[in-house]
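Presented below is the structure to which this report refers.
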Amino acid sequence: MALILAGGEGERLSILSSVRAKPAVPFGGKYRIIDFTLSNCVNSDIDDVLVLTQYNPRSLNDHIGLGRPWDLDRTKGGVKLLQPYISRGRVAEWYRGTADAVLRNLGVIEQSSADTVLVLAGDHIYKMDYAPFVQAHRRHRADVTIAVRRVPLADASRMGILAIGDGDRITDWQEKPKQPKSDLASMGIYVFSKRALRRWLDESRTDFGAHVIPAMLDAGARVFGYRFSGYWQDVGTIQSYWEAQMDLLTDHPELDLYDKEWLIHTRSEERAPAKVGPTAQIHRSLISHGCIIDGTVVNSVLSPGVRVDVGAVVRDSIVMFDSVIRAGAVVDRAILDKEVVVGQGAIVGEGPYDAPPNKQEPGRLNTGITVVGKRSVIPRGSRLGRNVKIAGDVRSADFASRVVRSGGSVEANSRPKRAREALEAAVESAS
């Protein structure tokens, strides 16, 4: 069986994960991040799947539902979504880590007849056949087998770093070291024997990388590595999330969404085909169904239902479901969440990319990407610089000025939504 950890808060994705779980964040136009792990399961003939949710689970629950798009709507096995719960004699609390999440659902795992449990991350973008992974685990008679790969040394300090000896046995482990000894990293993907889960999970070991794996190594347990050389990306930051989607636009992307032998399944709404008008220009972009393009789209990823009006330009950007770019507006190196409206002649993303970081979130918005939250309205004629953050549900009346300099932010006013919308309509009418 497979256990997908999908409860992470995903703080580094800023406002994109403030209203939804990180695995539910849209990716590649029509998909969600968790679609890749779910599709890996069904393509690997694994049809008994548990998804552990926690933060903002509603959108994830709505997206997965009964699991029909992945052929996981079954009476035996299939997909089940589990959330933290209160049990008698225990203080109510969130999962304290990856291992704690599995421990607190061990009773459900025990009900499965499977003797082997895949523990997977729900927030990575990759294609992987788990069958050879499981076979290697059984061949070694391992207690746990960890998927590993080479990573850029600059990223190694964010991961579990390890050394592999003869026969693929892991001989050394460093969890998120400040000075990594190597670039061989854990992908956060494990195969456990059910027996090993019973033995090594307890209240004191809340995280696999920080506690469980080191304890197993110290005790001489059979811990093995499985080398993976395919495409894999942890899209945990705004920059990596943006880069991974820009990579899809290259002539021969490492992640091939058009591979008929390994389809990525998703819950997809019925919409009309994309429509390209007589004034449209589209270059090196992904355009999803339901889009209406009358302007210019360059090197961008558009989710279903996006509208780009005449004279509007979308460049090097990610635009999510049902957003509207009005006539003459420019969106450059930006990420727009769902149902955003960019007013006529507005500019979202202006100035040099090496602009000052966002004042509110300097560690997250510092690479020149401007992010606009769900259902926000950018006033006509306004100009937004780089590393700007526009919160969700912002309206025209919330802008103190039509110019938001690089590194600035705009928050939704606390006045009731209906009153804000009425004021916005009055402002728009007057302008």
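The values are calculated or read from the model by the stated rules, or taken from the named source; none is laboratory data. All values reported here derive from a predicted model rather than from experimental measurement. No Cβ is skipped: glycine too gets one built from the backbone with ideal geometry, and neighbour counts run over all protein chains shown.
Key figures
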{"read-out": "Residue that is surrounded by the fewest Cβ atoms within 10 Å (Cβ to Cβ) [pool: residues in region 53-69 that are more than 22 Å from THR98 (Cα to Cα) and out of contact with any Ser or Thr (no Cβ under 7 Å at 6 or more places or on another chain)]", "value": "ASP62"}
{"read-out": "Strands (runs of 3 or more DSSP E) wholly inside region 114-208 containing at least 2 residues that are hydroxyl-bearing (Ser, Thr, Tyr)", "value": "184-193"}
{"read-out": "Yes/no for ASP183 being in contact (Cβ under 8 Å) with a residue 40 or more places away in the chain, more than 23 Å from ILE46 (Cβ to Cβ) and in the same structural domain as ARG139 (by TED's automatic domain parsing)", "value": "no"}
{"read-out": "Cross-chain or 6+ apart pairs with Cβ under 8 Å, region 265-278 first and farther than 12 Å from LYS30 by Cβ, then part of a loop (DSSP other than H, G, I, E, B) and of a type in the set (A, V, I, L, M, F, W, C)", "value": "LYS275/CYS291; GLY277/VAL310"}
{"read-out": "Within region 332-382, tally of residues that are surrounded by fewer than 19 Cβ atoms within 10 Å (Cβ to Cβ) and either among the hydroxyl-bearing types (Ser, Thr, Tyr) or in a strand (DSSP E or B) (or both)", "value": "2"}
{"read-out": "Residue check for ILE293: in contact with a Lys or Arg (Cβ under 9 Å, 6 or more places away or on another chain) and buried (at least 19 other Cβ atoms within 10 Å of the Cβ)", "value": "yes"}
{"read-out": "Failed item in (1) in a helix (DSSP H, G or I); (2) under 27 Å from ALA21 (Cα atoms); (3) without any contact (Cβ under 8 Å) to a residue 40 or more places away in the chain, with GLU93 passing the rest", "value": "(1)"}
{"read-out": "Scope region 109-146; condition more than 27 Å from THR171 (Cβ to Cβ) and either of a type in the set (A, V, I, L, M, F, W, C) or not assigned by TED's automatic domain parsing to the domain that holds ALA221 (or both); matching residues", "value": "ILE109, ALA114, ILE125"}
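Here is a yes/no grid of residues against (1) in a loop (DSSP other than H, G, I, E, B); (2) in contact with a helix residue (DSSP H, G or I) (Cβ under 6 Å, 6 or more places away or on another chain); (3) not assigned by TED's automatic domain parsing to the domain that holds ILE33:
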| position | (1), (2), (3) |
| --- | --- |
| SER229 | yes, no, no |
| GLN233 | no, yes, no |
| TYR241 | no, no, no |
| LYS260 | yes, no, yes |
| THR266 | yes, yes, yes |
| ILE282 | no, no, yes |
| ALA327 | yes, no, yes |
